[in-house]
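The values are calculated or read from the model by the stated rules, or taken from the named source; none is laboratory data. This structure is a prediction, so every number in the text was calculated from the model and none was measured. Note that we place each Cβ from the backbone using ideal geometry, even for glycine, and neighbour counts take in every protein chain shown.
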Amino acid sequence: MSSIRRSLPLLPALVALALAACTTVETPPPVPPVVKPPVIMPPPVTPVPPEVTAPPLMTPSTFSALPGWDKDDLRQAWPAFSASCSVLMRKDEWKEACTAARAVSGADEAAIRSYFESWFVPNQIRAADGADTGLITGYYEAQLRGARKKGGAFQTPLYKVPDDLLTIDLASVYPDLKGKRLRGRLVGKKVVPYGSRAEIAAAAIPGKELLWVDDPVEAFFLEVQGSGRVQLADTGETVRVSYADQNGYPYKAIGRWLIEQGELTSETATAQGIKAWIAAHPARRQELFNVNPSYVFFREERLPDPSVGPKGSLGVPLTGGRSVAVDASMLPLGAPIFLSTTEAGSEVPLQRLVLAQDTGGAIRGAVRADFYFGFGYEAMEKAGRMKQRGQIWVLMPRAR
């Protein structure tokens, strides 16, 4: 009996084991390993160099610092300055100074000098790299022979503005592009570039011939100068032709191309040197001209007074020896400028007060000016050889 009693406590254990054998035990899903996020290292810090501030375009100076200021006969510049003031009067910063100029006698050199020294501050112009010297070239009003009808020696056309030339003022859409214009023509619903010089020379623009001249070389140089006079063989009349528009392509200097080709040197690439090269290579004349894709269109003007120069970009007549063309995006158009350079092809100082009254496709940069020599053979000769270094000071009205 005692043995039976000892075995009874085992029964519940056996039953539990049997039940356990008949039960499916679910294995819990494995716990995914803990993945630590990657450590993102910051990029290496590149030292930022200190900002390099470009030198100011205009550095205030004094009249005593202007080389040759005291030797210039300012009476010769006064008519040109008065012409500039007729336009500058519309601007607030110029109105007071230009009004005061009305009380100054143009015949009194001392009064003119006192006026400028009292009302203006000379500001030396520097390029963005700090250079205070730049290129000074020259231009003139050309003289050509022509006719109103094609015939005989008169085979080279001067064109009026074509009817299909579109000029779009970009500033109307993008104010930052003030003064920038897009030129082209309409094909379907698209504006495409207008014809280049090569395309115009090959296809012509029938019906838009303004005049016919007898010298294709002088016709090309007329475009570079921007204006000229044409003596008409059929009537004996002399008319002025002035810049009216251009085809939208940037100006490219054929003299520079001849240097790059090894045909001329920087010393011989003057207007005279280029014309001599063309005379020696007549078969390559159009090839040379086509290097400059820009093409200028003209308008005819009466010439009531031959002593009055053509109008520049400011809208006033240019004065020989006292007007210059500048980059209007760099220098204020109309402003008096003191120019210190040398005479064409020499070391003789040319230091005088001039007026920024014109612009040009080849005139780009701050320390850059194109000196207007006037009309006639002597002006043409000097302008053709003018390729000097020089300095520029712009006279700005004093703050009052």
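Filtered by the rule that a residue be under 14 Å from GLN246 (Cβ atoms) and at pLDDT 95 or above, region 150-192 gives LEU158, TYR159, LYS160, VAL161, PRO162, LEU165. Among the numbered criteria (1) out of contact with any Ser or Thr (no Cβ under 8 Å at 6 or more places or on another chain); (2) at pLDDT 95 or above; (3) more than 20 Å from GLU218 (Cα to Cα), which one does VAL326 miss? Every listed condition holds for VAL326 apart from (1). Note on region 290-317: among residues that are surrounded by fewer than 17 Cβ atoms within 10 Å (Cβ to Cβ) and assigned to a strand (DSSP E or B), the one that is nearest to the chain's Cα centre (by Cα) is ARG299. Looking only at residues in region 213-257 that are out of contact with any Gly (no Cβ under 8 Å at 6 or more places or on another chain) and of a type in the set (Lys, Arg), the one that is nearest to PHE375 (Cα to Cα) is ARG229. Taken over region 78-94, the criterion of being closer than 19 Å to VAL316 by Cα, surrounded by fewer than 16 Cβ atoms within 10 Å (Cβ to Cβ) and touching a strand residue (DSSP E or B) at 6+ places or on another chain (Cβ under 9 Å) is satisfied by no residue. Where residues in region 332-352 are surrounded by fewer than 21 Cβ atoms within 10 Å (Cβ to Cβ) and touching an Asp or Glu at 6+ places or on another chain (Cβ under 8 Å), which of them is nearest to PRO293 (Cα to Cα)? Ranking the qualifying residues of region 332-352, first place goes to LEU350.
Yes/no per residue for (1) in contact with a strand residue (DSSP E or B) (Cβ under 7 Å, 6 or more places away or on another chain); (2) surrounded by 20 or more Cβ atoms within 10 Å (Cβ to Cβ); (3) free of Cβ contacts under 8 Å to residues at least 40 places away in the same chain; (4) farther than 14 Å from VAL224 by Cβ:
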{"site": "VAL354", "(1), (2), (3), (4)": "yes, yes, no, yes"}
{"site": "GLY365", "(1), (2), (3), (4)": "yes, no, no, yes"}
{"site": "PHE371", "(1), (2), (3), (4)": "yes, yes, no, yes"}
{"site": "ALA383", "(1), (2), (3), (4)": "yes, yes, no, no"}
{"site": "TRP393", "(1), (2), (3), (4)": "yes, yes, no, yes"}
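Restricting attention to region 250-270, the residues being out of contact with any Phe, Trp or Tyr (no Cβ under 7 Å at 6 or more places or on another chain) and either under 14 Å from LEU211 (Cα atoms) or of a type outside the set (Val, Ile, Thr) (or both) number 13. The condition (being under 25 Å from the mean Cα position of the chain (by Cα) and of a type in the set (A, V, I, L, M, F, W, C)) is satisfied by just one residue among VAL187, VAL161, VAL121: VAL161. Of all the numbered requirements in (1) loosely packed, with under 15 Cβ neighbours inside 10 Å; (2) within 26 Å of PRO60 (Cβ to Cβ); (3) not acidic (Asp, Glu), THR167 misses one, and that requirement is (2). Restricted to strands (runs of 3 or more DSSP E) entirely inside region 137-242, those with at least 3 residues that are without any contact (Cβ under 8 Å) to a residue 40 or more places away in the chain and farther than 24 Å from SER323 by Cβ are 166-169, 181-187, 190-192.
Just checking, does region 304-311 include any residue being within 25 Å of ALA97 (Cβ to Cβ) and in contact (Cβ under 8 Å) with a residue 24 or more places away in the chain? Looking for residues that are within 25 Å of ALA97 (Cβ to Cβ) and in contact (Cβ under 8 Å) with a residue 24 or more places away in the chain, one finds at least one in region 304-311, hence yes.
If you go through region 350-373 one residue at a time, do you hit one that is of a type in the set (S, T, N, Q) and within 22 Å of ASP70 (Cα to Cα)? Yes, region 350-373 contains a residue that is of a type in the set (S, T, N, Q) and within 22 Å of ASP70 (Cα to Cα). The single condition among (1) surrounded by fewer than 20 Cβ atoms within 10 Å (Cβ to Cβ); (2) under 23 Å from PRO250 (Cβ atoms); (3) touching a Phe, Trp or Tyr at 6+ places or on another chain (Cβ under 9 Å) that SER329 does not meet is (3).
If you scan region 366-400, which residues turn out to be on the phi > 0 side of the Ramachandran plot and either at pLDDT 95 or above or hydrophobic (A, V, I, L, M, F, W, C) (or both)? So that I can check it myself, show each step before the final result.
We begin by selecting, within region 366-400, every residue on the phi > 0 side of the Ramachandran plot; these are 374, 376.
Listed by number, the list holds a single entry, GLY374.
Per this entry, SER266 is not counted among residues that are over 30 Å from CYS85 (Cβ atoms), within 18 Å of the chain's Cα centre (by Cα) and small (Gly, Ala, Ser).
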